[in-house]
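Readers should treat all values here as calculations from the given coordinates under stated rules, not as data from a laboratory. Only a predicted model underlies this, so the values are computations on that prediction, with no experimental measurement involved. Here the Cβ positions follow ideal geometry from the backbone for every residue, glycine too, while neighbour counts run over all protein chains shown.
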Amino acid sequence: MRFKRPASTPVIIHQDVRIDGLSHDGRGIARYHGKTLFIDGALPGETVRVRVLEDKRRFINARVTEVLSASPERCEPACAHFRQCGGCSQQYWSHEGQLDSKQHIVLDQLRRFAQVVPEHMEEPLVSPPYGYRHRCRFAIRWRKGRLSLGFREKGSNAICDINECPILAEPLQEMPVLLKSFLPTLTGREAISHVECFLAEQGRGLLLRHIRPLSQEDQTLLTAFASTHQLLLYLQGSPENIRLLYPARSDDDAAVALHYSLPESGVQLYFRPQDFTQVNRVINQAMVEQAIQWLAPQASDKVLDLFCGLGNFSLPLAKQSGHVTGVEGSPGSVAQATRNAGLNGLSNVSFHCADLSSDFTTESWAKEHYDIVVLDPPRAGADFMIEQLACLLPDRLLYISCNPATLARDAGSLVSHGFRLERLCVMDMFPQTSHVESMALFVRS
């Protein structure tokens with residue numbers, strides 16, 4: 001039987017639905033009339049009633065409307081905006097339950113799609129469940145002079161207007177209310193389209209994106225606002241045009257250069273407001289420390305760090321190895337990584353810009369021998385790269401994954417090239433969400 005949804009009313013399954021398991025993206029799984037139901041907001045073992053979102057030929061996408069029999073792992077969401085905001089979709093689940101499910105998802109994907117089982121399943125790297133996020137971007141919409149500021153609603157492009165966000169690091173938690181009270185005072189307020197908030201070791205920062213130039217009067221108001229609340233304030237008129245409005249400084253003044261530290265390695269990573277940095281500093285530090293422990297680099301080792309970014313792994317590894325070669329697709333990130341090496345006094349590391357999704361076998365760095373490879377690919381994974389790297393693959397390869405499905409696929413490929421999965425752990429990079437991050441150590445058989 002196919003569900004037919006009238007234009008104005010959702011279809012409700014009135015029968016009780018028992019949740020049998022979880023999908024790879026954290027949704028509940030059930031069977032209904034011979035089809036698989038994927039259900040947002042459901043936990044294993046629960047009985048729920050659902051609203052159908054999509055009825056496909058082989059499966060149904062649905063959302064919980066009522067929990068008839070709750071799991072003991074179900075809890076009350078901490079955020080007042082949970083039911084509307086599309087940001088943190090798993091706040092109804094205990095932190096321990098989330099971690100267990102993410103570990104199960106990774107292991108299940110490896111077994112089902114690569115027939116690979118890790119020799120050692122290490123304890124997860126655990127984050128505080130709230131207050132962990134050091135960076136976020138608020139969407140802005142102006143309607144008849146009224147400001148909506150927040151994140152996208154669930155399944156919609158509409159903005160969920162927020163006053164709080166408990167996953168933000170404590171110094172950033174007052175920013176929604178501060179911005180909503182201040183931005184409407186600007187005469188050119190409707191030119192501002194997004195606001196990024198971030199936390200560096202120097203303190204809080206804002207990056208305001210504006211689609212039209214801001215008047216000198218508005219810039220004076222912004223400067224006073226930043227001074228009052230001790231904010232680093234940047235203006236972005238275009239992707240290439242970013243300038244620091246407050247505090248005023250010369251371009252070569254490092255006193256307010258943004259940075260974060262990796263204390264165990266004695267490294268400081270400097271970044272521009274537009275650069276990618278991990279939003280969870282606690283897990284980032286733990287991840288880098290564990291990477292070094294697992295890889296145990298020696299003073300004679302040559303290391304290749306692919307998708308190296310600003311040098312998050314490269315610079316700590318350079319402290320303990322002979323030479324590190326970092327490769328990244330963004331010229332700006334390569335330039336910043338090179339600067340970071342100099343600022344940290346490291347001369348045994350070099351950075352190269354290359355498109356790692358295309359043939360890179362003719363690049364000079366790809367013709368070297370390496371003892372260690374660190375691979376931190378995007379969600380699409382690294383299957384194409386692994387084939388190109390076949391002649392470079394070393395005795396130890398550390399794979400940082402943000403997608404269990406592509407990790408499983410790439411694990412199968414690495415096993416076919418003579419590797420075994422020695423260690424695996426889940427990293428709690430994004431509590432309260434379905435995102436699954438993990439770290440895998442492959443060694444030559």
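Assorted remarks:
- Just so you know, the averaged projected area of the alpha carbon convex hull for the stretch 235-308 sits at 7.1 nm².
- Checking every one of the GluC sites (Glu not before Pro) in the stretch 145-241 against DSSP loop status and a limit of 16 other Cβ atoms within 10 Å picks out 164, 174, 201, 240.
- Unpaired cysteine residues in the chain (no second Cys Cβ under 4.7 Å): 75, 79, 88, 136, 165, 197, 308, 353, 391, 402, 425.
- Straight-line cross-link reach from residue 144 at under 16 Å between alpha-carbon atoms covers these lysines, not counting any fewer than eight positions away in the same chain: 180.
- Cα-based equivalent ellipsoid, the chain: semi-axes from gyration tensor eigenvalues, Å: 36, 35, 18
- Alpha-carbon Rg/Rh ratio, for the stretch 150-213, with Rh computed the Kirkwood way: 0.98
- Between the stretch 281-304 and the stretch 349-374, the alpha-carbon centres lie 19 Å apart.
- For the stretch 201-349, alpha-carbon Rg relative to the globular expectation (2.2 N^0.38 Å, N residues): 1.20
- The lysines within cross-link reach of residue 102, meaning a Cα-to-Cα straight distance under 29 Å and a gap of 8 or more places when in the same chain, are 35, 56, 154.
- Most simply put, the chain has about 65% antiparallel DSSP beta bridges, counting only bridges with both residues inside it.
- The slack between residue 70 and residue 343, meaning 0.36 nm per residue of separation minus the straight C-alpha distance, is 92.9 nm.
- For the chain, built as a Gaussian network whose Cα springs stay under 10 Å, the top-fluctuating residue of 147, 262, 424: 147
- Using the alpha-carbon positions of the stretch 42-169, Rg (one decimal) and Dmax (whole number) come out as 18.1, 60 Å.
- Listed residues 116, 99, 185: farthest to the positive end of the dipole of the stretch 56-205 (Cβ charges): 185
- Taking only the C-alpha atoms of the stretch 312-445, the Rg (one decimal) and the largest Cα-Cα distance, Dmax (whole number), read 15.1, 43 Å.
- Under 25 Å of direct C-alpha separation, and excluding same-chain neighbours fewer than eight residues apart, residue 302 reaches these lysines: 319, 367.
- The stretch 293-367 - convex hull of alpha carbons, volume per residue in Å³: 87
- Hydrodynamic estimate: the Kirkwood radius of the stretch 189-281 over Cα pairs, inserted into Stokes-Einstein at 4 °C and 1.567 mPa s, corresponds to D of 91 µm²/s.
- Modelled spin-label separation between residue 31 and residue 49, with each label point placed 7 Å from Cα along the Cα-to-Cβ direction: 2.5 nm.
- With coordinates expressed along the principal axes, the C-alpha atoms belonging to the stretch 20-67 extend over 25, 21, 18 Å, beginning with the largest.
- Two-site FRET efficiency, residue 216 against residue 146, from Cβ-Cβ distance with R₀ of 30 Å, rounded to 0.05: 0.70
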